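Heads up, the thing below is written out as C-alpha cells.
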Amino acid sequence: METRNEALRGKPAERGAARKPSSLEAIVALALSFGVVIVGVRLRVGMTTPLVAGTIVAGLFARYLGYRWGELQTAMMEGIMHALPAVLILMLVGMTIGIWIIGGTVPTLVYYGLKLISPRAFLAATFILCAITSIATGTSFGTIGTIGLALIGIGEGLSIPLPMVAGAIVAGAYFGDKMSPLSDTTNVAPAMAGAELFEHIGSMMYTTVPAFLVSLAIYAVMGMRFGGEAAGGETLNAMLSTLPEAFNIGLWTLVPPLVVIVLSVRRTPAILTLTAGVVISCIWAMLTQGVDLVPVLKAATDGYASKTGIVAVDKLFTRGGLNNMMGTVALIMIATALGGILERANVLSTIIDAVLAKVKSTGALILSVIISCYAVLIISGNQMLALILPGRAFKDAFDAKNIHPRVLSRTLEDAGTMAAPLVPWSTAALFTFGILKVSAWSYAPYALLNWIVPIFSIIYGYAGFAIFKKDGDKS
C-alpha cells in the first residue's frame, strides 16, 4: 500500500505514463476549462461553482493525458502554495479594514476627501493618489486595501460610478507595483531576464510614463461629467453630517496608516508590516474612539457593522474583518488549484513553445512575450508565474537577437504585472473584489493604465524604439 507521501508525490512510473499535449489539445483544454468559468459567471451563479467546474474539466483533461490522481493533488497543492502569501495579506488587510473603520481612520479619510476633492477632479486625483501611495509602499494590495477603500467611499459620496472609481484605484495601485523598487514584481522581473534593478526601472519609464500621462488625461476628461453644485446630492450631505456624529474625526486617526507606510518604505516584509499595523491600530482605536478592546477585536474578526440609519454610510462602513475575507480566500485557492493542474499538464509550456516557434521579428518577439504573459495569467491566475515562466522561456530568444535583458524585463512587467488585475479569476482581481466589492468584470474597462502600457510596448517593438542592444546601441 502506498504511503501518504507517495500519493502526494506521485509514483515515478505514473509520471512517466503521462504525455505532453499537442498545441491543439492545449488550446482546447484552455478553452474548455475557462469557458466553463465564463459561462457560469455570465449565468450569474457567482465565481465559486464555475471555478470548481473549471477545475474538474482541467482534471479530466490531465487524466486524459495520463496523469494520476496523486500527481494532480500535488499540482493543486503547489498551485495553492503560490497564492499563500497573497492569502495571508488578504486576511491581515481584512482585519485592518475592520479596525481602521471602528478606529475612525477610514471615516476620517472619507470625510476630508469629500470636503476637499472636487467631483470633476476625483478620478484623476484617485489615480494620482494611488500611484503615489503604491510607489512609496511598493504594494498594490496595500494601496487598494487602505487608501483605495477610502476612495471608494468618497466616490460613492460624490455619486461617481464605482466601477470607474475602482478602475482608477487599480490603475494607480499597479503603477507603483510596476515601478517601485520596493515592489516584489519590480525585483522578480529583472532577476528572470538577467537585468539590473535600476536599469530595469529606467527601461520601464519608456512605456509607463507616456501611458501614465495618457491615462491621466483620459481620467481628467471622464471626470468632467461629474460636477456642478448638486454633485453627490443627498448622499454627500448625509455622509458629511453623519460621520462626525458616529466617529471621532481628526488627523490623529491617521497615525496607523502612516506607521504602515513608514514600515513599507523601510522595506519591512508586507506580512510583518500589516501584523504590526493591526496591533498598533487596535491600541490607537481604543485611544482615539474611546472603545473597549472587545469591540475592536470583534471588528477585526467579524468586521465593523455600521448602524447609523443612513443607508449610504451603513453600506460603506459595514465591512472588513478576517471572517468576511474567507469567501475570497476560497476563490483564490480554487483558482490557483485550477492553474496548478494546467501547469502540471504542460498546457502553459506547450502554448509558449508554440508562440516561440512563430517568432521572427523583434516586434513579433515583444508581442509573443505579452501574449505568453496573458496566457499564463489566464491559465494560472498567478502574477509571479506570469513573470517567471515567460522570463525563462524567452531569455535565450532575446539573447539570440542581441537585445538587452532590460527590454525583456520591461516587457514582462508591461504585460505580466499590468494584466494581473484584469483577469477576473486571478489572485489580484479576487483580492481587489474582496476589498472594494467591485468585480474585475466591472472595473477592468476603466483600469486604463493596465491596458495602455502594453500598447506602447507593442508599438515600440515594431517601430524599433527603445529596443536596447547589448552593445549599448538602440535598434
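The values are calculated or read from the model by the stated rules, or taken from the named source; none is laboratory data. Not measured: the values here are computed from a predicted model. Cβ atoms come from the backbone with ideal geometry, glycine included; neighbour counts cover every protein chain shown. Calculation scope for accessible area: heavy atoms of the full protein, side chains included, ligands and nucleic acids excluded. Shrake-Rupley method; radii C 1.70, N 1.55, O 1.52, S 1.80 Å.
For the stretch 332-364, which positions are farther than 16 Å from Ser426 by Cα, modelled with pLDDT of 85 or more and small (Gly, Ala, Ser)? Result: Ala345, Ser361, Gly363, Ala364. None of Ala312, Ala305, Ala270, Ala299 is surrounded by 15 or more Cβ atoms within 10 Å (Cβ to Cβ), over 22 Å from Tyr111 (Cα atoms) and among the aliphatic types (A, V, I, L, M) except Ala270. In the stretch 53-68, which residue that is surrounded by fewer than 17 Cβ atoms within 10 Å (Cβ to Cβ) and not charged (D, E, K, R) is farthest from Gly327 (Cα to Cα)? Per the stated criteria, the residue is Gly66.
Scanning the stretch 184-200 for residues that are open to solvent by 10 Å² or more (accessible area, probe 1.4 Å), of a type in the set (Val, Ile, Thr) and in contact with a Ser or Thr (Cβ under 7 Å, 6 or more places away or on another chain) returns no hits.
Looking at the stretch 202-223, I want the residues that are open to solvent by 30 Å² or more (accessible area, probe 1.4 Å) and have a partner that is modelled with pLDDT under 95 and not in a helix (DSSP H, G or I) with Cβ atoms under 8 Å, at least 6 apart or on another chain. Which pairs are those? Final answer for the pair search is Tyr206/Phe465; Tyr206/Ala466.
From the set of residues in the stretch 96-120 that are more than 17 Å from Phe317 (Cβ to Cβ) and not β-branched (Val, Ile, Thr), which is most open to solvent (accessible area, probe 1.4 Å)? First the steps, then the outcome.
Within the stretch 96-120, the subset more than 17 Å from Phe317 (Cβ to Cβ) is 115-120.
Filter once more, so that each one left must be not β-branched (Val, Ile, Thr): 115-116, 118-120.
On the way: Lys115: 117, Leu116: 141, Ser118: 56, Pro119: 25, Arg120: 103 Å².
Among residues in the stretch 96-120 that are more than 17 Å from Phe317 (Cβ to Cβ) and not β-branched (Val, Ile, Thr), the one most open to solvent (accessible area, probe 1.4 Å) is Leu116.
Restricting Val355, Val347, Val291 to those that are more than 22 Å from the chain's Cα centre (by Cα) and farther than 30 Å from Met77 by Cα reduces the list to Val291. When the criteria are applied in full, Leu254 fails the requirement of being surrounded by fewer than 20 Cβ atoms within 10 Å (Cβ to Cβ), closer than 23 Å to Tyr112 by Cβ and in contact with a Phe, Trp or Tyr (Cβ under 9 Å, 6 or more places away or on another chain).
Within the stretch 254-287, the set of residues being modelled with pLDDT of 85 or more and farther than 20 Å from Ile147 by Cβ comprises Leu272, Val279, Cys282, Ile283, Met286, Leu287.
Would you pick out the residues in the stretch 78-95 that are in contact with a Leu (Cβ under 7 Å, 6 or more places away or on another chain) and open to solvent by 10 Å² or more (accessible area, probe 1.4 Å)?
Within the stretch 78-95, the first condition is being in contact with a Leu (Cβ under 7 Å, 6 or more places away or on another chain), and the residues that meet it are 82, 89, 91-95.
His82, Ile89, Met91, Leu92, Met95, listed by residue number.
The C-beta contact set for the stretch 17-31 (first residue buried (at least 20 other Cβ atoms within 10 Å of the Cβ), second residue polar (S, T, N, Q), distance under 7 angstrom, 6+ apart or interchain) comprises Pro21/Asn346; Pro21/Thr350; Ala26/Thr350. Here Asn237 fulfils each of the conditions (1) without any contact (Cβ under 8 Å) to a residue 24 or more places away in the chain; (2) closer than 17 Å to Leu449 by Cβ apart from (2). Of the helices (runs of 4 or more DSSP H) entirely within the stretch 359-475, those holding at least 1 residues that are more than 26 Å from Ile27 (Cα to Cα) occupy 383-400, 405-412, 427-436, 440-443, 448-463.
Give the residue that is nearest to Ala463 (Cα to Cα), with candidates limited to residues of the stretch 407-446 that are open to solvent by 10 Å² or more (accessible area, probe 1.4 Å) and aromatic (Phe, Trp, Tyr). Result: Tyr446. Just one of the listed residues (Ile132, Ile160) is within 24 Å of Leu213 (Cβ to Cβ), surrounded by fewer than 21 Cβ atoms within 10 Å (Cβ to Cβ) and modelled with pLDDT of 85 or more, and it is Ile132. For the stretch 43-73, give me the residue count where each residue is within 19 Å of Gly381 (Cα to Cα) and of a type outside the set (Val, Ile, Thr). Matching residues across the stretch 43-73 total 12.
When Pro181 is tested against (1) buried (at least 23 other Cβ atoms within 10 Å of the Cβ); (2) not in a helix (DSSP H, G or I), only condition (1) is not met. Does at least one position in the stretch 216-226 carry a residue that is more than 19 Å from Ile117 (Cα to Cα) and among the small types (Gly, Ala, Ser)? No, there is no match, as no residue in the stretch 216-226 is more than 19 Å from Ile117 (Cα to Cα) and among the small types (Gly, Ala, Ser). Taking the conditions (1) in a loop (DSSP other than H, G, I, E, B); (2) over 30 Å from the mean Cα position of the chain (by Cα) in turn, Ser306 satisfies each one other than (2). Residues that are open to solvent by 30 Å² or more (accessible area, probe 1.4 Å) and either among the hydrophobic types (A, V, I, L, M, F, W, C) or under 21 Å from the mean Cα position of the chain (by Cα) (or both) within the stretch 360-378 comprise Leu367, Ile371, Tyr374, Ile378, listed in sequence order.
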